[in-house]
1. Identify, from the list B:Thr993, B:Thr949, B:Thr963, the residue that is among the polar types (S, T, N, Q) and under 40 Å from the mean Cα position of the chain (by Cα).
2. Take region A:154-174 and flag every residue that is surrounded by fewer than 16 Cβ atoms within 10 Å (Cβ to Cβ) and on the phi < 0 side of the Ramachandran plot.
3. Restrict the check to region B:861-879 and report whether at least one residue is out of contact with any strand residue (DSSP E or B) (no Cβ under 7 Å at 6 or more places or on another chain), assigned to a loop (DSSP other than H, G, I, E, B), on the phi > 0 side of the Ramachandran plot and among the acidic types (Asp, Glu).
4. Return the total of residues in region B:744-770 being over 22 Å from B:Ile800 (Cα atoms) and in contact with a Gly (Cβ under 6 Å, 6 or more places away or on another chain).
5. If we keep just the residues of region A:107-118 that are within 21 Å of B:Ile60 (Cβ to Cβ) and part of a helix (DSSP H, G or I), which is farthest from the other protein chains (Cβ to nearest Cβ)?
6. Kindly establish whether B:Glu545 is touching a residue at least 40 places away in the same chain (Cβ under 8 Å), under 30 Å from B:Lys781 (Cα atoms) and within 14 Å of another protein chain (Cβ to nearest Cβ).
7. On the given criteria, is A:Lys143 more than 29 Å from B:Ile651 (Cβ to Cβ) and either more than 14 Å from chain B (Cβ to nearest Cβ) or touching a residue at least 60 places away in the same chain (Cβ under 8 Å) (or both)?
8. Return the residues of region B:90-114 that are more than 14 Å from chain A (Cβ to nearest Cβ) and touching a residue at least 12 places away in the same chain (Cβ under 8 Å); say none if nothing qualifies.
Amino acid sequence: MKTVKALILTGYGINCDYETDHALKIAGAESDRVHVNELIKGDEFGRRSSLTDYHLLVFDGGFSWGDDHGAGVILANRLKYNIGDQIEQFLKDGKLIIGICNGFQVLVNLGLLPGFDGDYTSRKVALTFNDCGNFRDDWVCLKTLDTPCVFTRGIEQIELPVRHGEGKIFAEEAVIKQLFDKKLVVFQYATPEGEIAEGRFPFNPNGSLRDIAGICDPTGRILGLMPHPEGYNHATNHPDWTRKKEELRRKGRSLSEEGLGIEIFRNGVRYVKGTLL
Amino acid sequence: MAKRLEVALKPDLFDAEGESIKIQARDYFGIDLESVRLINIITIDAPLDFQQMKEIQTNIFTNPVTHISSFEPLNIEFDWAIWVGYRPGVRDTAGSTAAEAIEDYLKLPFREGDACYTSKLYCVCGKNLDRGKVALIARESLANELVQQWEVIEKSQRKLRESMGVRVPKVVLKHEPAVASISVSSDEELMKVSNERNLALNPRDIPTIRDYFLRQEVRDERIKVGLDQPTDVELEYIAQARSDHCNHNTFKGLFHYKDLSTGKTELIDNLFKTCIEDPTLEIQKKKSWVVSVLWDNAGVGRFDEQHYYTITGETHNSPSNMEAYGGSLTGIVGVYRDPMGTGLGSKLIMGMYGYCVGPREYGGDLKPRLLPRRLLDGIIRGVKDGGNKSGIPTPYGNLFFHESYLGKCLVFVTAFGIMPSRIMGRPSEKKTTSKGDLIIMAGGRVGKDGIHGVTAASEVFSESTPAGHVQIGDPYTQKKMLDFLIEARDEGLIAYITDNGGGGLSSSIGESSLLSNGCEVHLDKVPLKYAGLDPWEIWVSESQERMTVAIKPEHEKRFMELSRKHDVESTVIGTYTDSGKINILFGGKSCAYVNTQLLKSDFPQWEFEAEWASPELRGLKEPVIEEPEDHNSLLADMLSRPNIASKEWIIRQYDHEVQGGSVIKPLIGKERDVVSDAIVIRPVLTSNRGLAATQAVNPTYSTIDTYHMVAATIDEAIRRLIAVGVNLDNIAGVDNFCWPDIQYHPVSNPDGKYKAAQLVRANRALKDCCLEFGVPLLSGKDSMYIDGNLKGRYGETHKISGLPTLQFTATGVIDDIRRSVTMDAKLPGDLVYILGDTKNELGGSEYYERFGYTGLNVPKIAPNEVMPRYQALNQAVNEEVVASAHGIYRGGMGVHLAFVAMAACLGMEVDLDRVPVGEGSADDSVLYSESGGRFIVTIAPENRERFETILGNLPYACIGKVTEKPILVIQGIGRNKIVDLNISELKEVWKKTFGAMV
């Protein structure tokens, strides 16, 4: 049986590679952590990696280049001017890309998102400093909208952790409108009751315009989001798990072990199996 | 000519950083600003042409969606502008990454000396501002003159505005590096040199040093390599190695201890050996999971058959006291190199913090170097950047306010790592250097920064403390290095690894060459940040983000290949030998040539007079307080006190979940806002085993008796772990002592003998508790001299000594994380139990502090009495009988019952009549006594029988129940309701103290 292969980028301050790797493996992918430089000049280090060997490319979270000069900016440049052609081919082949947190910042700086009308190079959306003026670690409720995104099929709402200082989606009004019109807004921050946050802190943790937490491109194969699905890889990652467990225990039931964030990766794996293998 | 690029957010965008400066100006100085907008300046000092400049402007530094930028001054309105840039030679990470980005984009490597520098221009608008006010903001909140330069610009000063960022803070040392020879003809002469060079040599060491260099056989050997009198390289080396910071002379000292009440005297030879080393070795014999202790950079415990965890704790007090942000950042980033340098290297999995500072709102006469608010904000921010940018979760910490820390703040940083138990078949906890191994320096470069750090840490802070040791850590550079070294480790390339911290290369190579018994180091091979460093500076510089690694020559090629892959600089700077000599060369000539054993030789032991005056002898008494009438207001006030109030703002800005293994978070409960007893992580993601960790600090008990301060602190840390489900048998500790100067001096330290006795008693408690609880000390550190000389209102100087402080960190493996519990009550109707006796022990409590009392009855711990409780509770947790468990700590039962209810957003009805108490108890002592060994436990009613069976005849009582209605109702002893408070209102009060902080 053919396997779904995922590449998780590492190096230069990226730091969510291990747990993202773990999450993808639970989701059924065969995943490798690959240093940025192995893609660019791997020959020099005894291991050249090529995007062509993979179906799913993950720009995972972290602080690439320390977030100096804008989160994700320098990594985006390094990729664009060294392996831009590989990435282009990867997209042409109908493969999947997911960018999480710092990875999302990379995607918007590369211009891979929002990818209006097949334009995968223009920077139209920015992720800028949180309105609260600081880095914030918290869990958020997300409402999933109706989009072509392949990663969110069957997920109506989900709780995930956010951990960032620059996660506020900003774009010109016309761009925001297009995002909604073209059904590219994948996640909006919501209240625990499932209502859209409408900018209210801390439900919307960063002041993101129209509560946008994640967007996809028109093909639905590229997803960028600020929250961390790999941060919910196990039931015990959830802040309320001890309460839930106790409530279930008294009903004679027990907590299932898998974290709900895995489903996002599993959707990606399913798509690859159904379409590319 | 350097080019200056100005970048700012588009005018219609909200400037969050500017906004926080506005808030800060109001908070710190009561100055109202209308607006603050920020301009980031990048100064590019490299020969790029117009086209190249344009390209990097557009493609790297300007986000078309959010930014405007220009090589000309941006036209952003201001009434006043403040420019802040780094001083020459200060680490400017953003400058370095800008250079990296440009080089990568243009495919054009910078030449030696080419660089980028960053600075900031704050454009301030506001009415009623004047130069004085704006300069105050610049000096006291935006810039620190130790590391930064600043300029205040008025609206009309156009020329000045235009010139900002054009100047380049480049280090130019017009100095020809040289080795100086130092005369050791007399003790006095050497002492003079020590003072002139800031070596901080102890007068007692001087004869030993002279004796060595004057010995005939030593002189003969030295002459053969072209040396005679000691060189500056050698003396600086010895001074570093002999500093109290590196050598722990105080703890290894000889104490003449006298109990003034009994007149009994004792001689205690070496506190470290008798109270730390011996007990730990004794416990190690009984606990097979204690893998490696007392010699390496961190202690090693077994996590499971395939993995070991590593742990260590450090302090970074002196630098943080001078430059809060840079100091704490360097502290956390620095301590992360310890687990990396343990065994063959462990991967970092967690960090923790502890801050002891003066009151944030301090408004008294003393003038600390940094405004207390600014100091605290800076410390918090430093650990944030250091931890978050390292990709290491920072899930737990303490913050404790006390005026005694105005003299010198305390910044504790703790690091945890994990490593495979075997690496390519080799036991990972072992490492050594052998003849022929290459000495490699990996990571950052060496500059003048961080020279004399350890000697400065071994002194009392004063205005003349040299600032050269203040640094700004660089987590980005270090993260690359850590990634690289883990990969090199996994390929089996590392023979030995250690970090470059205090003492720099002199310490890392000095210590590692003891194993092979010699080394040869070529200082001119060490990569420098800028030319012009003297050899001694290269040898002792504490420039950060560097590790020293020994590798076999056959691994050099692969090691360097991996180093390049990770974009990390690694350089072979010498070899290990078995010559018995540390041979340091510069320009091919020896500049230091000493026996490897020199520092192990007979330096005289430090001696201390210690006189213990018991609390009774010092006249301490219990205050006379009649029972309060208004318990509602009292409880609310207790919750709002700074040492009890919510510190959520700190916890939320620290990434406490990265690496994906968070199980019990620092903030607990329905609204995720009440602090957990401990945190639990799952460091091996494929396993359901967990590692719990916590820490405790109780310095106010020191005002009564440091013995009980230590015992209570250890008990608290252990209890915190028991509360989340750790078995006592699995618990290990780390002791971090911070103590004022204990060397008696009739004028400058008249209570030195008492402080020395406090240290002796503290160590005795450490020994007693560790042995009785069976808790091994996997690691620990002492940091002395937490004193400061501060100016008062009239220009007079006061010596302020920090309270004798122990931060105790406890950790332990949890077999199955799914059984761990949190402290929040779970469901209405659940029963509330108190485990353990509440004694009349209000001495040193938060309650007494509220009224300005010290008291006498400090909480006392009898480990043998409390341990059965801990085991019973653990059994109940393992049987899943317990719904919530929470220890009772500072603030007492009243405060902690409120926490359990507030976390659940449920009410509670309890009756103090049922609480197991000691003699002489009243409502206030039951509610606010800080007796150890106690828990609040809630259980489902159906578990009552089982739970009580497990507890047997231990002291416990069911004191009430959890209620749906969110009201805390407390019945007093023999009377009706004394507390009747709405939980959400109570929470509001608890959060209000620091409610404005983000």
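1. On the way: B:Thr949 fails: under 40 Å from the mean Cα position of the chain (by Cα); B:Thr963 fails: under 40 Å from the mean Cα position of the chain (by Cα).
None of the other options fit; the residue is B:Thr993.
2. Step one: filter region A:154-174 for residues surrounded by fewer than 16 Cβ atoms within 10 Å (Cβ to Cβ), giving A:154, A:156-157, A:172-174.
Residues satisfying the conditions are A:Glu156, A:Gln157, A:Glu172, A:Glu173, A:Ala174.
3. Residues of region B:861-879 out of contact with any strand residue (DSSP E or B) (no Cβ under 7 Å at 6 or more places or on another chain): B:861-868, B:870-872, B:874-876, B:878-879.
Keeping just the survivors that are assigned to a loop (DSSP other than H, G, I, E, B) gives B:861-862, B:879.
Imposing the further condition that a residue be on the phi > 0 side of the Ramachandran plot reduces the set to none.
Looking through region B:861-879, none of the residues is out of contact with any strand residue (DSSP E or B) (no Cβ under 7 Å at 6 or more places or on another chain), assigned to a loop (DSSP other than H, G, I, E, B), on the phi > 0 side of the Ramachandran plot and among the acidic types (Asp, Glu).
4. Number of matching residues: 0.
5. Keep residues of region A:107-118 that are within 21 Å of B:Ile60 (Cβ to Cβ), which gives A:107-113.
Still in the running and part of a helix (DSSP H, G or I): A:107-110.
Working: A:Leu107: 13, A:Val108: 8, A:Asn109: 7, A:Leu110: 12 Å.
This residue is A:Leu107.
6. Numbers: touching a residue at least 40 places away in the same chain (Cβ under 8 Å): yes; under 30 Å from B:Lys781 (Cα atoms): yes; within 14 Å of another protein chain (Cβ to nearest Cβ): yes.
Here the answer is yes, as B:Glu545 does meet what is asked.
7. Values: more than 29 Å from B:Ile651 (Cβ to Cβ): no; either more than 14 Å from chain B (Cβ to nearest Cβ) or touching a residue at least 60 places away in the same chain (Cβ under 8 Å) (or both): yes.
No, not satisfied.
8. Step one: of region B:90-114, the residues more than 14 Å from chain A (Cβ to nearest Cβ) are B:90, B:109-114.
Those that are more than 14 Å from chain A (Cβ to nearest Cβ) and touching a residue at least 12 places away in the same chain (Cβ under 8 Å): B:Val90, B:Phe110, B:Arg111, B:Gly113, B:Asp114.
The values are calculated or read from the model by the stated rules, or taken from the named source; none is laboratory data. Every value quoted in this text rests on a predicted model; they were computed, and no experiment measured them. Heads up, the Cβs are rebuilt from the backbone with ideal geometry, glycines too, and the neighbour counts pull from every protein chain shown.
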